[in-house]
Amino acid sequence: MFEEIVTEEEVKFNDLEKKIFKFVCNFGCLILKLILESYDRKLMKTRDKKKYRHKGLRKNTIKTIMGEVEYQRVMYEIEENGVHKTVYLLDEKLQINVNGKVSENLIEKVVEIVPITDAYRKAETVIKETTNATLSFEWIRKITIDVGDKIARKEKEERKALSKGQLIAGLKQITALFEEADGLWINLQGRDRKERLDKQEEKCKKKNKEFNPKQKVKTELKLHVMYEGWKKYDKRHSLVNKQCIAGIMKPKEIKELRDARVFEQYDEKNIKLRVTNGDGARWTKGITAKGGVYQKDQFHIMQEIVRDVPKEYQNIIKELVNTKQYEKIQRAIEGLKYELGGEYEAIKKLNKLQSYLSGGLERYQDLVEIPEAPEGIEYRNMGTQESQIFSKLKKRFCSGRKGFSEHGANALAKVCVLSEKFSLEDIETPIPIDTSIEDWIKKIEENVKRNITLKDKFLTTEKPPKESIGAHISHTENKLVKEILKYQEISELKAIF
């Protein structure tokens, strides 16, 4: 091979690099194949032959970052609880975790590339050029949705564990926690679009309005960002311990998930400052932590002024906002109405602006005492959300004429912010659960059942047993059990706790 490459006329370095890369990857696939088959033979010889019945060799193919690896391993038949099933000892021993015959390493590569490309077809090209693997864009989309669904299930488990009081409380000490929330509207397609259009058509018929079947149908992707502050002496003002929640979610779901993650990581009672920065939408204000401060995002305030105020008057309102003369804003807008001569459209926009600027303009620095920031962290003016929306979601969802299903968009959004919280290994790892309350209740239930049995025995015998009821339980539990014995059903006990 090397002689052929060297003797080629006008060989270019780039071509040489690609050929060597492909050769080395193919050689790596061969090595992996030999190792797998050799280890499988070793397992075959050392297995429990009474338990594992040899049923012949079966082929398997795994797509890896080096290319496709095709190998043979033994299939065994075992019997468990009277049920016959087949297993592969090699897969179990090496924990060969494949998703549609794609290795974990290649899935990680897909998850890394998909958020930074603007289409699955482009991700297909990038993977082909940067690895020796070949994955179709349909396969890439399937992997992305599978990973996104796993993240969604993990989030649901976190929320459920929080509601049951099963999460283990975090110990990290922080003085402030900052949150920002905003949404991105995307086009729906397919069945979801048709269902929305059908509902709108029914509404239009009831109200005798004209219906446009070609109108765009949109839904909102929500993004929540949480961080501890800004890195001190950093020109980029990087966020400290930034974490994201994204998806087509209800505000209640975002709030519960946020609460679960805060509970898991931080000692909540020592957080002195909680601030939420949003665009003014009801849902962004609704997720504000109890006792926290809500403020409207500066970018959206200025954006609303530009939209609703004629260009020659915009600086007047902007100056009042920038100099924090909030009490003068409403009067200034009223004055603009007279300047514009009461023109209908202009007045309509100014009325809208008045409503928007009626509250939420004060910065958190104006409302509360700012605690001292930990070493290496500083507290600044908030306003990173537009940047987060663009870098995390907008580049991927809004470039070109794209449409999504709700399921596909939700999964993709979660993959786009995956690196901020989870790794693929984290997704598969069970959430640590505090079962102390359940263990305590279970212990009490066992004591109740045992003592009820003793009580029945005592009542049905002429002479009382040598051991009294209380002898089987500790002195500290004696009074509690007497109260519990009043309840006929154990389920009633559970309801109390």
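The values are calculated or read from the model by the stated rules, or taken from the named source; none is laboratory data. None of these values were measured; they are calculated from a predicted model. Glycine gets a Cβ as well: all are built from the backbone with ideal geometry, and neighbour counts include every protein chain shown. The protein model used for the area step is the full one, side chains on, heavy atoms only, and it has no ligands, DNA or RNA in it. Shrake-Rupley method; radii C 1.70, N 1.55, O 1.52, S 1.80 Å.
Quick one: 3J(HN,Hα) in Hz for segment 220-234, Karplus 6.51/-1.76/1.60 with θ = phi - 60°, rounded, Gly and Pro as x.
With coefficients 6.51, -1.76 and 1.60, one gets 9, 8, 9, 10, 10, 10, 10, 7, 8, x, 10, 5, 6, 6, 10 Hz.
Go ahead and run the numbers for FRET between K55 and L30, Cβ-Cβ distance against an R0 of 25 Å, rounding to 0.05. Don't skip to the end; give the middle numbers.
Values: r = 27 Å, r/R0 = 1.07.
The computed FRET efficiency comes out at 0.40.
Please give the contour-minus-distance gain from K156 to E312: 0.36 nm per residue of separation, less the Cα-Cα distance, rounded to one decimal in nm.
Gain in length upon complete extension: 51.1 nm.
With the crude spin-label approximation of a point 7 Å out along Cα→Cβ, what separation in nm comes out for K22 versus D234?
Using points 7 Å along Cα→Cβ, the separation is 4.2 nm.
Peptides 277-285, 223-231: what's the order by average Cβ count within 10 Å, highest mean first?
Ranking, from highest mean packing down: 223-231, 277-285.
Let me have the relative contact order for segment 301-410, percent, based on Cα pairs under 8 Å that are six or more residues apart. Show your work: numbers first, answer last.
Numbers: 40 pairs, mean separation 24.8, N = 110.
Result for segment 301-410 is 23 percent.
Gap in Å between the Cα centre of segment 296-342 and the Cα centre of segment 56-81?
68 Å
Which option, [x] 174; [y] 162; [z] 330, is the value of volume of the Cα convex hull per residue in Å³ that was calculated from these coordinates?
[z]
Computing the accessible area with a 1.4 Å probe over protein heavy atoms, can you report the carbon and sulfur percentage for segment 105-234?
Numbers: 3630 of 7430 Å².
Here carbon and sulfur together make up 49 percent of the probe-accessible area.
Find the relative contact order for the chain and round it to a whole percent, using C-alpha pairs within less than 8 Å whose residues are 6+ positions apart.
Values: 603 pairs, mean separation 76.9, N = 497.
Computed value for the chain: 15 percent relative contact order.
Please calculate how many Å² of accessible area segment 16-72 carries per residue, with a 1.4 Å probe and no DNA, RNA or ligand atoms counted.
71 Å²
Collect residues whose amide H, placed 1.01 Å from N in the peptide plane, falls under 5 Å from the amide H of D297; neighbours closer than 5 in sequence don't count.
G278, D279, G280
Can you compute the equivalent ellipsoid semi-axes for segment 109-235, i.e. the square root of 5 times each eigenvalue of the Cα gyration tensor, sorted largest first and rounded to whole Å?
So the three semi-axes of segment 109-235 are 35, 28, 18 Å.
Going through segment 299-333, which trypsin sites (Lys or Arg not before Pro) have at most 15 other Cβ atoms within 10 Å and a DSSP loop state?
Details: sites: R307, K311, K318, K324, K328, R331; in loops: K324.
Sparse-neighbourhood loop trypsin sites (Lys or Arg not before Pro): K324.
How high is the relative contact order of segment 235-368, in percent, with contacts defined as C-alpha pairs under 8 Å that are six or more residues apart?
Once divided by the residue count of segment 235-368, the mean separation gives 21 percent.
Consider a paramagnetic label point 7 Å from the Cα of E37 along Cα→Cβ; state which residues of segment 64-105 have an amide N under 11 Å from it.
In segment 64-105, the label zone of E37 (backbone N under 11 Å from the point 7 Å along Cα→Cβ) covers 70-73.
Suppose all protein chains stay in the model; what accessible area per residue would a 1.4 Å probe give for segment 165-305, in Å²?
Accessible area per residue: 54 Å².
Counting only helical runs of four or more DSSP H residues, what would the 222 nm mean residue ellipticity of the chain come to if each run contributes -39,500 (n - 2.57) and the total is spread over all its residues?
-15000 deg cm²/dmol
Can you give the extra length, in nm with one decimal, that the chain gains between S358 and I427 once fully stretched, where that is 0.36 nm per residue apart less the Cα-Cα distance?
Here the answer is 20.5 nm.
How much of the DSSP bridge set in the chain is antiparallel, in percent, rounded to the nearest 5?
Around 70 percent of the beta bridges assigned by DSSP in the chain are antiparallel ones.
Roughly how many percent of the accessible protein surface of segment 379-426 is carbon and sulfur, given a 1.4 Å probe and a whole-percent answer?
C and S atoms contribute 43 percent here.
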